Amino acid sequence: MTIQRMDNVLIVVENLDAAIAFFVELGMELEGRSPVEGRWVERVIGIDDVRQDVAMLRTPDGHGRIELAMFHTPKAISTEPKDAPVNTLGIRRVMFAVDDIEDVVARLRNHGAELVGELAQYEDIYRLCYVRGPEGIIVGLAQQLT
């Protein structure tokens with residue numbers, strides 16, 4: 001076997017508190033938050049003089065995690081427009097299964113989220129949408145109907 005599981009997805013943000021609040025509102029649980037710095041992290045990520053704050057959040061089932069990182073030094077850089085469209089190269093979104101998609105969208109709007117397109121239905125199987133949250137993060141939501 002090559003891998004055991006996918007451990008987490010890293011999202012670099014400028015406002016860690018806003019990103020944490022967004023994902024907690026979505027239903028994720030904050031596992032922890034701490035500063036990270038030192039030679040060990042510099043060796044792992046290949047950047048010198050790193051000082052960052054990191055938060056780890058997990059899905060309620062305990063199988064999925066998102067790591068949020070806010071870099072103090074060196075400052076984070078952007079290689080694309082902040083609100084890049086879904087067809088931009090690279091990782092574009094993280095998808096979550098939800099019980100009540102309209103409720104989730106309404107709650108995330110209180111954290112500044114906006115629909116990217118519209119809430120649509122795929123046959124009698126799913127209701128789906130993309131929302132853009134803090135830092136331009138795109139989150140996909142899927143509610144299974146059958």
task: Would you mind stating whether VAL54 is under 19 Å from the mean Cα position of the chain (by Cα) and either surrounded by 12 or more Cβ atoms within 10 Å (Cβ to Cβ) or among the aliphatic types (A, V, I, L, M) (or both)?
output: yes
- line: Here the residues within segment 110-144 that are surrounded by fewer than 18 Cβ atoms within 10 Å (Cβ to Cβ) and either in contact with an Asp or Glu (Cβ under 6 Å, 6 or more places away or on another chain) or at positive phi (or both) are HIS111, GLY112, GLU123, GLY136
- prompt: Which of the residues belonging to segment 70-89 are closer than 12 Å to ILE138 by Cα and within 17 Å of the chain's Cα centre (by Cα)?
  reply: LYS82, ASP83, ALA84, PRO85, VAL86, THR88
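I need the full set of residues from segment 58-93 which are outside any strand (DSSP E or B) and in contact with a Ser or Thr (Cβ under 9 Å, 6 or more places away or on another chain), in order please. Reasoning before the result, please.
Within segment 58-93, the first condition is being outside any strand (DSSP E or B), and the residues that meet it are 59-64, 74-93.
Within segment 58-93, GLU80, PRO81, GLY90 meet the criteria.
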- request: Kindly indicate whether GLN52 is outside any strand (DSSP E or B), of a type outside the set (Asp, Glu) and farther than 24 Å from ALA142 by Cα.
  value: no
query: Among the residues of segment 3-21, how many are out of contact with any strand residue (DSSP E or B) (no Cβ under 8 Å at 6 or more places or on another chain), in contact (Cβ under 8 Å) with a residue 24 or more places away in the chain and under 17 Å from ASN110 (Cα atoms)?
result: 2
- prompt: Considering segment 73-98 alone, what residues qualify as being surrounded by fewer than 13 Cβ atoms within 10 Å (Cβ to Cβ) and in contact with a strand residue (DSSP E or B) (Cβ under 7 Å, 6 or more places away or on another chain)?
  reply: THR73, ASP83, VAL86, MET95
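Each value in this text was obtained by applying a stated rule to the coordinates, not by laboratory testing. What you are looking at is a predicted structure, and each value in this text was computed from that prediction instead of being measured. Using ideal geometry, Cβ is built from the backbone for each residue, glycine included, and neighbour counts are taken over all protein chains shown.
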